[in-house]
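A short write-up of the structure that comes next.
Please treat every number below as a calculation from the coordinates, not as lab data. Please read all numbers here as calculations on a predicted model, not as lab measurements. Positions of Cβ are backbone-derived with ideal geometry, glycine not excepted, and every protein chain shown enters the neighbour counts.
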Amino acid sequence: MTETIVSPIATVDQLVADLLPSIEGELSTASRVVDALLDIRNLARTEAVRTAVDDALANLPGRTAIANPWFLDQLHQLRTLDSQ
């Protein structure tokens, strides 16, 4: 018997909405940012969102820590792009 697993987070909008309250302070770890971007890429409905995520991943502004204003800007841009 095959069991289907349905993610409780099914859209980029829902994922971003869940992430936003937990982003505090000036910095996030790069691993957290990369994980969030990859999750968004997996949920993306369009190639434009996947391309934007790929660009963000290629241009991370840090190796171990990422400024939260940059991270928040990326989340808002990806959320908007996915809703178009």
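Some points to look at:
- Per-region count, the stretch 36-54, residues within 8 Å of the chain's Cα centre (by Cα), surrounded by 18 or more Cβ atoms within 10 Å (Cβ to Cβ) and among the hydrophobic types (A, V, I, L, M, F, W, C): 4
- Residues satisfying the stated conditions in the stretch 63-84, i.e. closer than 20 Å to GLN14 by Cα and either outside any helix (DSSP H, G or I) or of a type in the set (A, V, I, L, M, F, W, C) (or both): TRP70, PHE71, LEU72, LEU75, LEU78, LEU81, GLN84
- Scan the stretch 18-44 for residues that are within 20 Å of ASP82 (Cβ to Cβ) and either in contact with a Gly (Cβ under 6 Å, 6 or more places away or on another chain) or hydrophobic (A, V, I, L, M, F, W, C) (or both) and the total you get is 11.
- Hey, LEU38 of a type in the set (A, V, I, L, M), in contact (Cβ under 8 Å) with a residue 24 or more places away in the chain and on the phi < 0 side of the Ramachandran plot or not: no
- Scanning the stretch 11-62 for residues that are in a loop (DSSP other than H, G, I, E, B), closer than 14 Å to LEU75 by Cβ and among the polar types (S, T, N, Q) returns a single hit, THR11.
- Scanning the stretch 71-84 for residues that are surrounded by 16 or more Cβ atoms within 10 Å (Cβ to Cβ) and not acidic (Asp, Glu) yields PHE71, GLN74, LEU75, LEU78, ARG79, LEU81.
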